[in-house]
1. Explain nothing, just the number: dipole magnitude of the chain about its Cα centre with +1 on each Lys and Arg Cβ and -1 on each Asp and Glu Cβ, in debye rounded to the nearest 20.
2. Of the residues ALA21, ALA117, ALA128, which exhibits the maximal mean-square fluctuation in a Gaussian network model of the chain defined by a 10 Å Cα contact cut-off?
3. Restricting to lysine pairs 8 or more places apart or on different chains, what number in the chain have Cα atoms under 30 Å apart?
4. Given springs between every Cα pair under 10 Å in a Gaussian network model of the chain, which of GLU125, GLU46, GLU17 has the largest fluctuation?
5. Please tell me the relative contact order of the chain in percent, rounded to the nearest whole number, where contacts are Cα pairs under 8 Å and at least six residues apart.
6. With unit charges on the beta carbon (Lys/Arg positive, Asp/Glu negative), name the residue among CYS156, LEU167, LEU144 whose Cα is farthest towards the positive pole of the charge dipole of region 118-176.
7. What is the calculated FRET efficiency for ALA151 to SER171, with r their C-beta to C-beta distance and R₀ = 22 Å, to the nearest 0.05?
8. What is the distance in Å between the Cα centres of region 1-72 and region 83-133?
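Derivation of every value follows stated rules applied to the coordinates shown; laboratory data play no part. All of these numbers come straight from a predicted model, not from anything done at the bench. Positions of Cβ are generated from backbone atoms using ideal geometry, with glycine treated the same way; all protein chains shown enter the neighbour counts.
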Amino acid sequence: MPSFILETERLLLRPPESGDANALVRHMEWDVAKNLSRPPFPYLEEHALAFLARQEEGRAKGSDYAFAITDKSGSAFLGVCGVHLREKGFELGYWLARPHWGKGYATEAAGEVLGFAFRNLRAEEVEAGWYHDNPASGRVLQKLGFRPNGADRRDCAARGHAVLCNLVLMSRAEYVQRQAA
């Protein structure tokens with residue numbers, strides 16, 4: 001599978017690379033890790049290197065498409081956004097380094113990766129979720145047009161226990177309709 005590079009008005013989204021390991025470790029502070037399912041806390045270089053290896057392997061298999069979110073020049077690492085194949089289809093996930101919160105970057109990056117899932121991966125549905133105590137993430141998904149799809153408890157490695165997660169869903173037809181509007 002080719003390596004995709006996506007661009008938005010303000011952002012460049014590219015496959016994560018080994019040079020991103022230090023930025024991953026530096027930006028995976030508690031306020032970020034507690035809102036994600038897989039990253040442990042504290043997040044160490046070995047975790048970053050394992051993440052990068054998993055992403056490379058998943059991209060080769062066609063099951064994982066993570067993108068490093070950078071500024072348009074590609075020099076400032078802002079976070080990660082991706083779609084990952086799960087049992088029922090693709091799941092969208094994202095995180096931003098704390099200094100970049102509240103600037104619309106999550107919505108911009110996630111919107112582009114969502115389009116990638118429907119256009120390039122031919123996804124029929126994309127699901128996502130946000131922990132009950134992270135309403136900012138819920139607002140990102142709402143802005144993108146996701147609709148509620150229940151709730152469940154999902155593991156959070158950083159917290160060491162399952163957390164109530166609000167689930168959302170978007171179908172290909174819903175995505176196409178929003179793009180046409």
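1. Values: 23 positive and 23 negative charges, 78 e Å.
Computed about the Cα centre, the dipole is about 380 debye.
2. ALA21
3. Lysine pairs, 8 or more places apart or on different chains, close enough: 11.
4. Comparing GLU125, GLU46, GLU17 in the GNM, the peak value goes to GLU46.
5. Working: 316 pairs, mean separation 38.4, N = 181.
With pairs under 8 Å counted, the relative contact order is 21 percent.
6. Farthest towards the positive end: LEU144.
7. Values: r = 19 Å, r/R0 = 0.88.
Plugging the Cβ-Cβ distance into 1/(1 + (r/R0)^6) gives 0.70.
8. Region 1-72 and region 83-133 have Cα centres separated by 13 Å.
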